[in-house]
Structures are given as C-alpha cells and as structure tokens.
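What follows is a single structure, written as structure tokens, with notes after it.
The values are calculated or read from the model by the stated rules, or taken from the named source; none is laboratory data. Given the structure is predicted, the values throughout are model-derived calculations rather than measurements. Glycine gets a Cβ as well: all are built from the backbone with ideal geometry, and neighbour counts include every protein chain shown. With ligands, DNA and RNA removed, areas are computed over all heavy atoms of the protein, side chains included. Shrake-Rupley method; radii C 1.70, N 1.55, O 1.52, S 1.80 Å.
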Amino acid sequence: MEVLQGCVLSPLLFNIFLEIVIAIALHGMGPGAVINGVLLSDLRFADDIALLAGKETGLQELVTDVAEISAKMGMCINTAKTETQVLGKGVSKSQIQVYGQQLTRWTCLYTWVEALALTTCT
C-alpha cells in the first residue's frame, strides 16, 4: 500500500522517515559546527536538511553517512537539488561529493540552501 502525494499522512510519514535517517546517520554526533556554544550537526525544516560541520572533511563524512543510510532505506539524495555553502573568512572551495558527483557550491551568504533533497531510488 502506498500513500499518495497530497495525502495528509504523506508529510507526517516523510518526517518520521527523515528522523530515522538522521538519527542513524548522526549516531555518534561526530562532526558538527559550534554555534553560540552548542554543537549542531544539522538543521531541518519540512523536507529540507542543512548539515553543518566545522571542516570540509566533517561535512563530507556527514553527507556520506546520510547518503548511505538513505540508500539502505530505498531513498537517495537528489544531487541536482543539493548544494554546499561555506561560511567564514579564508575558506577554500569545498569539494563535497555525493555518489561521485561534486556538489554545486553557493557563494551567497544570506540564502537558504536546500541541503539534501531525498527522492525515491529507481
């Protein structure tokens, strides 16, 4: 049985799914970024996920973990809708990859970035 798009249960079930993916992927809460003294590894709103890390290697680790867990659960990251953003002074160009594809890098500091867009793998 499937839930049709537009059904009132669809967003609820998708949010439950995302919660499970993030909980498994961030099991150790390893990489993250310290914001106002609090270590954060992700921000979520509806079906958008922003993964946070203090270093490029940490972000790559988070993205890889989320991609692997999503794939195990029958979903994949839509690389066409996935972008990275580097904040701070003196940062180099990021080289974050998903499924061997380098993600587009945003340079605008005040734009919300749809960090991960999950779609059904076929």
Self-check item: Inter-residue pairs, beta-carbon under 7 Å, first over 15 Å from ALA53 (Cα atoms) and in the stretch 79-92, second open to solvent by less than 90 Å² (accessible area, probe 1.4 Å) and at pLDDT below 70, 6+ apart
Solution: LYS81/GLU114; LYS81/ALA117; THR82/ALA115; THR82/LEU116; THR82/ALA117
Self-check item: Per-region count, the stretch 44-56, residues touching a residue at least 24 places away in the same chain (Cβ under 8 Å) and open to solvent by 30 Å² or more (accessible area, probe 1.4 Å)
Solution: 5
Quiz prompt | Single residue of the stretch 10-57 satisfying the filter (assigned to a helix (DSSP H, G or I) and not aliphatic (A, V, I, L, M)) that is nearest to GLN85 (Cα to Cα) | solution = GLU56
Practice problem: Give just the number: which of (1) modelled with pLDDT of 80 or more; (2) under 18 Å from VAL98 (Cα atoms) does GLN85 not satisfy? | Solution: (1)
Quiz item: If you go through the stretch 21-43 one residue at a time, how many are loosely packed, with under 15 Cβ neighbours inside 10 Å and farther than 16 Å from MET75 by Cβ?
Solution: 11
